[in-house]
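Let me begin by presenting the structure, written as structure tokens, before commenting on it.
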Amino acid sequence: MLASLFVDTLRFIGDNADLLFQKTVETAELAFTALGISILIALPLGLWLGHRHRGLFVALGVSSLGRALPSVAIIGFMIAILGVGFWSNTIALVVLGIPPTLTNTYFAVEGVDRDVVEAARGMGLTEFQILGRVELPLGLPFVLAGIRVSAVFVIATATIAGLFGGGGLGDIMADFSFYGLPGTLAAALCVSTLALLGAGALTLARNSAAHRMAPSE
């Protein structure tokens, strides 16, 4: 049974490679647009709050809210306001992508050794220079870890958009009666591959940043 399903899935991939590629591109466009917007919102806010050593309640509250809110409920709420389409799904994914990046960025900057910060301040660096030259470089591995979590979460959730007019691989997974189980599994494999590639790239970036921050022997 499983062997037959595996063969049928591979056959579906071979017969519908163009369709899967097109839908994967649509999913990537939706997911990475939402991820980019969420980073543009969460990163500066997390850096500012962490540098000021304020907003712990905000960071923890956003993190808890992000874990508690159902993805389908957020997408449904945005559709009720904006209607069915690309941007309603994008905004919903932005809401889901903000918490990991915001929380990790806050704690990455807030956790930098105070003595290092005070030494930089004593050397005459401005607050903006301290943030950009000291706190962000030291906290960068943790910041990238948060972005990686956001990326995986947003890419995986983007498939739900197919149920709400967002297009992408979710279209295939939602139309089980037409594509069948092999089509659904093929789409799921494409989503998994996309998420692994995104997470892998960010993991490499995080490891590279951590290596640069490690003390030389």
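Largest first, please: the extent of the C-alpha atoms of segment 76-142 along each principal axis, to the nearest Å.
54, 19, 15
Taking every pair of distinct Cα atoms and averaging 1/r, then inverting, what Kirkwood hydrodynamic radius in Å comes out for the chain? Working shown, then result.
Values: mean 1/r = 0.0528 Å⁻¹.
One over the average 1/r among Cα pairs gives 18.9 Å for the chain.
Which whole-Hz ³J(HN,Hα) couplings does segment 177-190 yield from phi under the Karplus relation 6.51 cos²θ - 1.76 cosθ + 1.60, θ = phi - 60°, glycine and proline marked x?
Result, ordered by residue: 5, 8, 8, x, 5, x, x, 4, 5, 4, 5, 5, 5, 5 Hz.
Among 95, 154, 84, determine the one that fluctuates most according to a GNM of the chain built with springs between C-alpha atoms less than 10 Å apart.
Result for the chain, Cα springs under 10 Å: 84 fluctuates most.
Could you run the Karplus curve 6.51 cos²θ - 1.76 cosθ + 1.60 with θ = phi - 60° over segment 128-143 and give me ³J(HN,Hα) per residue in whole Hz, x for Gly and Pro?
With coefficients 6.51, -1.76 and 1.60, one gets 5, 5, 4, 5, x, 9, 10, 5, 5, x, 5, x, 4, x, 6, 4 Hz.
Where a number appears in this text, it was derived from the coordinates with a stated rule and is not lab data. If you're wondering where the values come from, they're calculated on a predicted model, not measured in any experiment.
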